[in-house]
Amino acid sequence: MSAKIRLYVEHPLGAGQSIPLEKDQAHYLFGVMRQPLGGHVALFNGTDGEWQAEITEAGKRGGTLTCVAQSKPLQMPPDLWLIFAPIKKARTDFIVEKAAEMGAARILPVGTEYTNSERIRQDRLQAHAVEAAEQCGGTYVPEVCDLQKLSRLLDHWPVERQLMFCDEGEVGQRRFLDAAQEGGAKQGATATPWAILIGPEGGFSDKERKRLHAMQQAHVVSLGPRILRADTAAVAALTLWQQRLGDW
Ligand code: SAM
């Protein structure tokens, strides 16, 4: 028995555990997906792995699922943050969705000097991360943080966290391979926490670039000889990092 439908629930999961369904989940399962009593659904909550559950009560406004057996243990992604400056809504949604699919542990939108968008809907972006995890078979959902200023984030930067600073000013100059070796050599392990930083459409200001270049944890990286859009750059950087240092 392996259910095709996967749902994220905010409830502990374990053998025999009953999970009450919220109205929209009941609507989705019984109204949209036409699941019968006794049908099976895969559940995950970001901490207890994936569980196969049986539909034991079904109604229009609610229902109950009962956990039967664990089908996957919790698989934590590597300790990788994706930091990016929000762009247009659809492209920001894309970045969050892809970061969740590709195995970022935390997603941090930041305001930079040339950031296009001053506001984000954190709850909406978090819901995109949940949907991405539901679809890609992940058992973990990355936290999407509220928008904060890049300068403030750098003020409190954790000493041990290495930073893959994707700088369009370095076009064609510095490959991630070299940066990864340098970062890995400093810390001596692939378990080193890392972050990727992608700038806004307008790029980084001179002041930001100067500050980032001066950070001992920052490794300036070029993503090739062409300037990529921020959403493309996020996917490219996540791919490079995962392939070299991550869990791919
Ligand atoms: N307005 C900038 C310019 O024309 O120079 C381009 C900014 S780009 C659209 C958005 C972000 O993607 C950059 O700040 C950088 O983080 C990343 N990026 C894009 N292409 C890159 C490249 N070839 N190398 C490194 N980073 C790149």
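The values are calculated or read from the model by the stated rules, or taken from the named source; none is laboratory data. Model, not experiment: these values are computed from the prediction. Counting neighbours? That spans all protein chains shown, and the Cβs are built from the backbone with ideal geometry, glycine included. Accessible surface areas use protein heavy atoms only, side chains included; no ligands, DNA or RNA. Shrake-Rupley method; radii C 1.70, N 1.55, O 1.52, S 1.80 Å.
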Quiz prompt | Residue pairs meeting the criteria (Cβ under 6 Å; at least 6 apart or on separate chains; first under 14 Å from residue 150 (Cβ atoms), in segment 211-228; second within 12 Å of the ligand (Cβ to nearest atom) and assigned to a helix (DSSP H, G or I)) | solution = 218/212
Quiz item: Across segment 146-174, what is the total count of residues that are modelled with pLDDT of 95 or more, assigned to a loop (DSSP other than H, G, I, E, B) and touching a Phe, Trp or Tyr at 6+ places or on another chain (Cβ under 9 Å)?
Solution: 1
Quiz item: Among 20, 78, which is the only one that is within 20 Å of residue 140 (Cα to Cα), open to solvent by 10 Å² or more (accessible area, probe 1.4 Å) and not hydroxyl-bearing (Ser, Thr, Tyr)?
Solution: 78
Quiz item: Inside segment 47-63, can you point out the residues that are in a strand (DSSP E or B), under 22 Å from residue 135 (Cα atoms) and of a type in the set (S, T, N, Q)?
Solution: 52
Quiz item: What are the pairs, 6+ residues apart or on separate chains, where a residue within segment 121-132 that is more than 15 Å from residue 148 (Cβ to Cβ) has its Cβ under 6 Å from a residue that is assigned to a helix (DSSP H, G or I) and of a type outside the set (Val, Ile, Thr)?
Solution: 128/93; 128/97; 129/100; 132/97; 132/100; 132/101
Quiz prompt | Any pair with Cβ under 6 angstrom, 6 or more apart, that starts in segment 58-86 at a residue that is among the polar types (S, T, N, Q) and ends at one that is outside any strand (DSSP E or B) | solution = 70/49; 75/139
Quiz item: Within segment 2-27, how many residues are on the phi > 0 side of the Ramachandran plot and modelled with pLDDT under 95?
Solution: 0
Quiz item: Quick one: is residue 86 open to solvent by less than 30 Å² (accessible area, probe 1.4 Å) and either at pLDDT 95 or above or assigned to a loop (DSSP other than H, G, I, E, B) (or both)?
Solution: yes
Practice problem: Enumerate the pairs (first residue in segment 175-191 and over 9 Å from residue 162 (Cβ atoms) and at pLDDT 75 or above; second residue anywhere and in a loop (DSSP other than H, G, I, E, B) and among the polar types (S, T, N, Q)) with beta-carbon separation below 6 Å, excluding pairs fewer than 6 apart on the same chain, so at least 6 apart or on different chains. | Solution: none
Exercise. Output the number of the condition that residue 93 fails; it satisfies all remaining conditions of (1) assigned by TED's automatic domain parsing to the domain that holds residue 125; (2) charged (D, E, K, R); (3) open to solvent by 60 Å² or more (accessible area, probe 1.4 Å).
Key: (3)
Practice problem: Report whether or not residue 107 is open to solvent by less than 70 Å² (accessible area, probe 1.4 Å), modelled with pLDDT under 95 and either closer than 22 Å to residue 163 by Cβ or in a helix (DSSP H, G or I) (or both). | Solution: no
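If a residue has to be of a type in the set (Asp, Glu), under 21 Å from the mean Cα position of the chain (by Cα), within 13 Å of the ligand (Cβ to nearest atom) and open to solvent by 50 Å² or more (accessible area, probe 1.4 Å) to count, how many in segment 199-248 make the cut?
Number of matching residues: 1.
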